[in-house]
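The values are calculated or read from the model by the stated rules, or taken from the named source; none is laboratory data. Every value quoted in this text rests on a predicted model; they were computed, and no experiment measured them. Cβ: placed from backbone, ideal geometry, glycine included. Neighbour counts: every protein chain shown.
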Amino acid sequence: EPEVTQTPSHQVTQMGQEVILRCVPISNHLYFYWYRQILGQKVEFLVSFYNNEISEKSEIFDDQFSVERPDGSNFTLKIRSTKLEDSAMYFCATRSGQAYQPQHFGDGTRLSIL
Amino acid sequence: KQEVTQIPAALSVPEGENLVLNCSFTDSAIYNLQWFRQDPGKGLTSLLLIQSSQREQTSGRLNASLDKSSGRSTLYIAASQPGDSATYLCAVEDSGTYKYIFGTGTRLKVLA
């Protein structure tokens, strides 16, 4: 069965550095999402992306964050000037354009900010 | 604003018991409802998806029901096993934006 692939599985970064989290969607999926889960807390929506633009973003997704699909395959989440509180598991999800189909989640990237 | 609540927060049962996990949501305008399993430090494993027009879905020992009008879903696990120990998450898909809103989960421990 096709899978959503996320890389890296674990990223350790110094505070203040920039990180890029990568996601390879399932082929022919059209809708892309990023979620995050801080340790011990619930999974929270960050942003949705369709037709090369942001469809919706949460209040968490401020100017520090950006998303793009630069080459038509990878879907990336960039976090500029990372802070300690950015430490979390980040999940990518993708969905086809067909009605009532679920989002498919990747295994996540664990981001640790030191 | 949609809010998703899961009760109980934690549950410990002896092996072999049948159990019910509850999920409630405040806005009935949902597209899908999905149940996930999450092992510690791991990703989300999809268990069951219920479309908004459906009442229930079954997979093996799992059965999920949906009552959209009352804002409730239950996940029934039959004949629980130690391997079922995990956190179970309920997520509703907003019908306007298609984003998922997750509950805080039920942490299940099945004792051998």
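B:Arg37 meets each of the listed conditions (1) within 12 Å of another protein chain (Cβ to nearest Cβ); (2) more than 25 Å from A:Leu46 (Cα to Cα); (3) under 14 Å from the mean Cα position of the chain (by Cα) apart from (2). Does segment A:94-104 contain at least one residue that is surrounded by fewer than 16 Cβ atoms within 10 Å (Cβ to Cβ), touching a residue at least 12 places away in the same chain (Cβ under 8 Å) and of a type in the set (Ser, Thr, Tyr)? No - not one qualifying residue is present in segment A:94-104.
Among A:Pro70, A:Pro102, which is within 11 Å of chain B (Cβ to nearest Cβ) and over 14 Å from the mean Cα position of the chain (by Cα)? From the options A:Pro70, A:Pro102, the qualifying one is A:Pro102. Candidates A:Tyr50, A:Tyr31, A:Tyr90: the one that is closer than 27 Å to B:Gln54 by Cβ and in contact with a Leu (Cβ under 8 Å, 6 or more places away or on another chain) is A:Tyr50. If you go through segment B:71-107, how many residues are modelled with pLDDT of 95 or more and farther than 17 Å from B:Phe36 by Cβ? Adding up the residues that qualify gives 7.
Here A:Gly16 clears all of (1) over 11 Å from the mean Cα position of the chain (by Cα); (2) on the phi > 0 side of the Ramachandran plot; (3) within 14 Å of chain B (Cβ to nearest Cβ) except the condition numbered (3).
Scanning segment A:19-60 for residues that are part of a loop (DSSP other than H, G, I, E, B) and either farther than 16 Å from A:Cys92 by Cβ or away from every other protein chain (no Cβ under 14 Å) (or both) gives A:Pro25, A:Ser27, A:Asn28, A:Ile38, A:Leu39, A:Gly40, A:Gln41, A:Lys42, A:Asn51, A:Asn52, A:Glu59. Using the structure shown, decide if B:Ser69 is outside any loop (DSSP other than H, G, I, E, B) and without any contact (Cβ under 8 Å) to a residue 60 or more places away in the chain. So B:Ser69 does not fit the description; no.
Candidates B:Leu49, B:Leu75: the one that is within 21 Å of B:Gly96 (Cα to Cα) and either among the basic types (Lys, Arg) or in a strand (DSSP E or B) (or both) is B:Leu49.
Close contacts from segment B:29-47, counting a first residue that is farther than 21 Å from B:Tyr76 by Cα and a second that is among the hydroxyl-bearing types (Ser, Thr, Tyr) and modelled with pLDDT of 95 or more, with Cβ to Cβ under 8 Å and a gap of 6+ residues or different chains, come to B:Pro40/B:Thr87. Only one of the numbered conditions (1) within 14 Å of another protein chain (Cβ to nearest Cβ); (2) over 18 Å from B:Gly43 (Cα atoms); (3) at pLDDT 95 or above is violated by A:Leu84, and that is (1). Take segment B:86-112 and flag every residue that is surrounded by 19 or more Cβ atoms within 10 Å (Cβ to Cβ), more than 14 Å from chain A (Cβ to nearest Cβ) and in contact with a Leu (Cβ under 8 Å, 6 or more places away or on another chain). Once the filter is applied, which keeps residues that are surrounded by 19 or more Cβ atoms within 10 Å (Cβ to Cβ), more than 14 Å from chain A (Cβ to nearest Cβ) and in contact with a Leu (Cβ under 8 Å, 6 or more places away or on another chain), segment B:86-112 yields B:Ala86, B:Leu108. Within segment B:78-105, the set of residues being assigned to a strand (DSSP E or B) and over 18 Å from B:Asn32 (Cβ atoms) comprises B:Ala86, B:Thr87.
When B:Asn32 is tested against (1) modelled with pLDDT under 95; (2) part of a loop (DSSP other than H, G, I, E, B), only condition (2) is not met. Scanning segment B:65-74 for residues that are away from chain A (no Cβ under 14 Å) and either in contact with a His (Cβ under 6 Å, 6 or more places away or on another chain) or buried (at least 22 other Cβ atoms within 10 Å of the Cβ) (or both) turns up just one, B:Ser73.
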